[in-house]
Protein chains: 2
Amino acid sequence: MDKQTITIYDVAREANVSMATVSRVVNGNPNVKPATRQRVLKVIEELDYRPNAVARGLASKKTTTVGVIIPDVSNIFFASLARGIDDVATMYKYNIILANSDESGQKEVQVLNNLLAKQVDGLIYMGHTLSDDVRAKFSRSKTPVVLAGTIDPDEQVGSVNIDYKEASRFVVDKLVKDGNEKVAFISGSMDYSINRDYRLEGYKAALKENHLPYDESLIFATDYSYKAGESLWAKLTAIGATAAYVVDDELAVGVLNGMLDHGMSVPEDFQIITSNNTILTEMVRPKLTSISQPLYDMGAVAMRLLTKMMNKEEIEEKTILLPYDMIERNSTN
Amino acid sequence: MDKQTITIYDVAREANVSMATVSRVVNGNPNVKPATRQRVLKVIEELDYRPNAVARGLASKKTTTVGVIIPDVSNIFFASLARGIDDVATMYKYNIILANSDESGQKEVQVLNNLLAKQVDGLIYMGHTLSDDVRAKFSRSKTPVVLAGTIDPDEQVGSVNIDYKEASRFVVDKLVKDGNEKVAFISGSMDYSINRDYRLEGYKAALKENHLPYDESLIFATDYSYKAGESLWAKLTAIGATAAYVVDDELAVGVLNGMLDHGMSVPEDFQIITSNNTILTEMVRPKLTSISQPLYDMGAVAMRLLTKMMNKEEIEEKTILLPYDMIERNSTN
DNA sequence: CTGTTAGCGCATTCAC
DNA sequence: GTGAATGCGCTAACAG
């Protein structure tokens, strides 16, 4: 039942060298005579020898794997980030242990312990918010951490985001300038710092700039789901809102379809700008105008930053803001 | 720079026992006197000791991690499977190393070597097809393998799917019975066994049952993309097709929108049934009728099967077919 | 350039 | 019940 496990000793014996030499050629150490290098390489080929990464990890204290904590892989937003992460990880010879957290504090802590036990060289964390438990563990651990698409007001660890406040201000300003005096802010939980301290602040700033009053009844805090959005049309029309900035695409599609299914026209009666520019925005009719976050790039940059940290390189700035954009489609004028 | 690395020896010393005893309590070995177990547990708590999984893996030859090869995490179809896989993996105390393959044979082989080097206890493979290289590696390796949502005509390794041929036959039959005499088959590459040997066969079977001729000009083999679908409307209408069975949701949405954007009505002028019942089918207007594959469950069952294989349990049947369904929405009559 | 020798942290016999 | 000893496969000094 034992699988043909070929070790470094087998190679050493066949090549008439010591295991140290084999180790050297495997690790690209230059201190090996070309001739013997060739010989060793040949034996490695013949025996189909593959270094045992676990033993390697134990001896070198490096596993070349990073832990990635993600709320839910089947959420396109996070999955896009994950793809960027994995591509850069592969580029730098790292593997990724992917762990779903469901945004549950308890599960996050458990997952984190697990990842740390597996001796990951670094961690990438994604989520709508960062619990105190988790933040505490991060700062206690010596393992480098980077947040991707995730806000931490403390800025104790690395992070890669866009400027959410400014992006929010920008699109709300557009909505107002296009003639909407009652612009709704449709968001997920206000417990999330990103919604409360960044996007809502941007929303308020835009109103202020345009000398419009802040009206709390225009603020909708729900969950990030299609269903939640679908049921919002009644309240929105009742209150006289003529436009909305929505913080999540599925939610926005819900709002859109709720409107359409109840006889409203978009953008004639109601205008919508959403936040994530996922492919959904192109698939619905009318297509949705959206802030465009470079999701793939955010993941990629986060992973790149992490490689630098793991490599103990100098980091110029560990809080990175990537440029955002606004893609105008047919849900606005 | 060394992180406070607390080992089993530290615990042993503090608890006045040997490291063997600590190992026993950590691993739940019953041969430990309750009193000393308590003492050890207490010290573990105090020192915040966390067993090093790498050392454990080297000593026990088990890493409690499985490799998952996925074409692209940001594809909702595979991501849904991945979510099911991870949930069950977590349930059985396994972690997942996720690796994107882009369906590239070369990358797959590389990824596979990598995963094997990391000593994963098992492998789950997803993809539209299984290359000979990869299949060869699977049968040569002693590491258990399960395919999820992936066809292998050989049936040498475990697999979890739905009955693609039957599902295809079923929906095409419906389309025909609803009065469509020219039903298009819109597929990805015919190099993929799943399209060529299963779905197309189901399509042919349905035609035959209904005494309709097989017309090759109704077969469209393109790639799985929104854009590809969007441009198909001209050919479809030119040939007089009044309905289509589409093998991928993004592709189907493309077909739908292509039709609508060019003045056709769905389902009045053209009916569509798609294959994966992802959330996309609910987000477009009209909503798409779809075969429903239990994606999450397929992933979950695949992982469950793998745990059995890793545990060397008896497997009654390693080629599992899960039930499919058809969800009728508004793209059919 | 190459070989020898220690561990890395833990599971696992084998004694006691 | 518990402890001492061995080895998993490899990296990393240290000699030579």
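The values are calculated or read from the model by the stated rules, or taken from the named source; none is laboratory data. As the structure is a computational prediction, the values presented were derived from the model and not from experiment. Note that we place each Cβ from the backbone using ideal geometry, even for glycine, and neighbour counts take in every protein chain shown.
Might you check whether a residue that is more than 26 Å from residue B:254 (Cβ to Cβ) and among the acidic types (Asp, Glu) occurs anywhere in the stretch B:213-221? Working first, answer last.
Looking only at the stretch B:213-221, we keep the residues that are more than 26 Å from residue B:254 (Cβ to Cβ), and these are B:213.
Next, only the ones that are among the acidic types (Asp, Glu) stay: none.
No; the residues of the stretch B:213-221 include none that is more than 26 Å from residue B:254 (Cβ to Cβ) and among the acidic types (Asp, Glu).
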Considering the stretch A:60-95 alone, what residues qualify as being buried (at least 19 other Cβ atoms within 10 Å of the Cβ), in contact (Cβ under 8 Å) with a residue 60 or more places away in the chain and not in a helix (DSSP H, G or I)? A:66, A:94
Working only within the stretch A:169-193, note down all residues that are in contact (Cβ under 8 Å) with a residue 40 or more places away in the chain and within 21 Å of residue A:228 (Cα to Cα). A:182, A:183, A:184, A:185, A:186, A:187, A:188, A:189, A:191, A:192, A:193
Filter the stretch B:101-145 down to the residues that are away from chain A (no Cβ under 12 Å) and in contact with a strand residue (DSSP E or B) (Cβ under 6 Å, 6 or more places away or on another chain), then identify the one that is surrounded by the most Cβ atoms within 10 Å (Cβ to Cβ). B:124
Filter pass, residue A:82 being near DNA strand D (Cβ under 10 Å from one of its atoms) and either farther than 24 Å from residue B:84 by Cα or not aromatic (Phe, Trp, Tyr) (or both): no
When you scan the stretch A:17-28, how many residues do you find that are touching a Ser or Thr at 6+ places or on another chain (Cβ under 9 Å) and either of a type in the set (Gly, Ala, Ser) or within 8 Å of DNA strand D (Cβ to nearest atom) (or both)? 1
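Among B:264, B:259, B:283, which is within 27 Å of residue B:228 (Cα to Cα), within 14 Å of chain A (Cβ to nearest Cβ) and surrounded by fewer than 17 Cβ atoms within 10 Å (Cβ to Cβ)? Steps first, answer last, please.
Working: B:259 fails: surrounded by fewer than 17 Cβ atoms within 10 Å (Cβ to Cβ); B:283 fails: surrounded by fewer than 17 Cβ atoms within 10 Å (Cβ to Cβ).
Being within 27 Å of residue B:228 (Cα to Cα), within 14 Å of chain A (Cβ to nearest Cβ) and surrounded by fewer than 17 Cβ atoms within 10 Å (Cβ to Cβ) holds for just one of B:264, B:259, B:283, which is B:264.
Hey, can you tell me all the residues within the stretch B:46-79 that are farther than 20 Å from residue A:87 by Cα and of a type in the set (Ser, Thr, Tyr)?
Restricting attention to the stretch B:46-79, the residues satisfying the condition of being farther than 20 Å from residue A:87 by Cα are B:46-65.
Hits for the stretch B:46-79 are B:49, B:60, B:63, B:64, B:65.
So in the stretch B:31-59, with the set limited to residues that are surrounded by fewer than 11 Cβ atoms within 10 Å (Cβ to Cβ) and more than 7 Å from DNA strand D (Cβ to nearest atom), which one is nearest to residue A:54 (Cα to Cα)? Walk me through it before giving the result.
Residues of the stretch B:31-59 that are surrounded by fewer than 11 Cβ atoms within 10 Å (Cβ to Cβ), as a first pass: B:31, B:33-35, B:45, B:48.
Of the ones still in play, those that are also more than 7 Å from DNA strand D (Cβ to nearest atom) are B:34, B:45, B:48.
Numbers: B:34: 33, B:45: 27, B:48: 23 Å.
Checked the stretch B:31-59; the qualifying residue nearest to residue A:54 (Cα to Cα) is B:48.
Scan the stretch A:96-103 and tell me whether some residue there is in contact (Cβ under 8 Å) with a residue 12 or more places away in the chain, of a type outside the set (Asp, Glu) and more than 23 Å from residue B:72 (Cα to Cα). Reasoning before the result, please.
Quick first cut of the stretch A:96-103, residues in contact (Cβ under 8 Å) with a residue 12 or more places away in the chain only: A:96-103.
Filter once more, so that each one left must be of a type outside the set (Asp, Glu): A:96-101.
Keeping just the survivors that are more than 23 Å from residue B:72 (Cα to Cα) gives none.
Within the stretch A:96-103 (the criterion being in contact (Cβ under 8 Å) with a residue 12 or more places away in the chain, of a type outside the set (Asp, Glu) and more than 23 Å from residue B:72 (Cα to Cα)), the answer is no, since none of the residues qualifies.
Going by the structure shown, is residue B:98 more than 16 Å from DNA strand D (Cβ to nearest atom) and within 14 Å of chain A (Cβ to nearest Cβ)? Before you say what the answer is, go through the steps one by one.
Details: more than 16 Å from DNA strand D (Cβ to nearest atom): yes; within 14 Å of chain A (Cβ to nearest Cβ): yes.
It is true that residue B:98 is more than 16 Å from DNA strand D (Cβ to nearest atom) and within 14 Å of chain A (Cβ to nearest Cβ).
Hey, can you tell me all the residues within the stretch A:199-229 that are closer than 30 Å to residue B:282 by Cβ and over 25 Å from the mean Cα position of the chain (by Cα)? It would help to see each step written out before you state the result.
From the stretch A:199-229, those closer than 30 Å to residue B:282 by Cβ are A:199-200, A:203, A:217-229; that's our starting set.
A:217, A:218, A:219, listed by residue number.
So, residue A:313, is that one in the same structural domain as residue A:141 (by TED's automatic domain parsing), free of Cβ contacts under 8 Å to residues at least 12 places away in the same chain and in a loop (DSSP other than H, G, I, E, B) or not? Lay out the reasoning, then the answer.
Working: in the same structural domain as residue A:141 (by TED's automatic domain parsing): yes; free of Cβ contacts under 8 Å to residues at least 12 places away in the same chain: yes; in a loop (DSSP other than H, G, I, E, B): yes.
Considered against the rule, which asks whether it is in the same structural domain as residue A:141 (by TED's automatic domain parsing), free of Cβ contacts under 8 Å to residues at least 12 places away in the same chain and in a loop (DSSP other than H, G, I, E, B), residue A:313 comes out as yes.
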Collect the residues in the stretch A:227-264 that are over 21 Å from residue A:178 (Cβ atoms) and assigned to a loop (DSSP other than H, G, I, E, B), keeping them in residue-number order. A:231, A:248, A:262, A:263
Exactly one condition in (1) closer than 24 Å to residue B:76 by Cα; (2) touching an Asp or Glu at 6+ places or on another chain (Cβ under 9 Å); (3) not aliphatic (A, V, I, L, M) is not met by residue B:143; state its number. (1)
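Taking the stated definitions as given, is residue A:63 within 16 Å of DNA strand C (Cβ to nearest atom) and closer than 25 Å to residue B:91 by Cα?
Values: within 16 Å of DNA strand C (Cβ to nearest atom): yes; closer than 25 Å to residue B:91 by Cα: yes.
Judged against the criteria, residue A:63 is a match.
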Of everything in the stretch B:2-28 that's of a type in the set (S, T, N, Q) and within 8 Å of DNA strand C (Cβ to nearest atom), which residue is farthest from residue A:144 (Cα to Cα)? B:18
Hey, does the stretch A:208-215 have a residue that's outside any loop (DSSP other than H, G, I, E, B) and surrounded by 15 or more Cβ atoms within 10 Å (Cβ to Cβ)? no
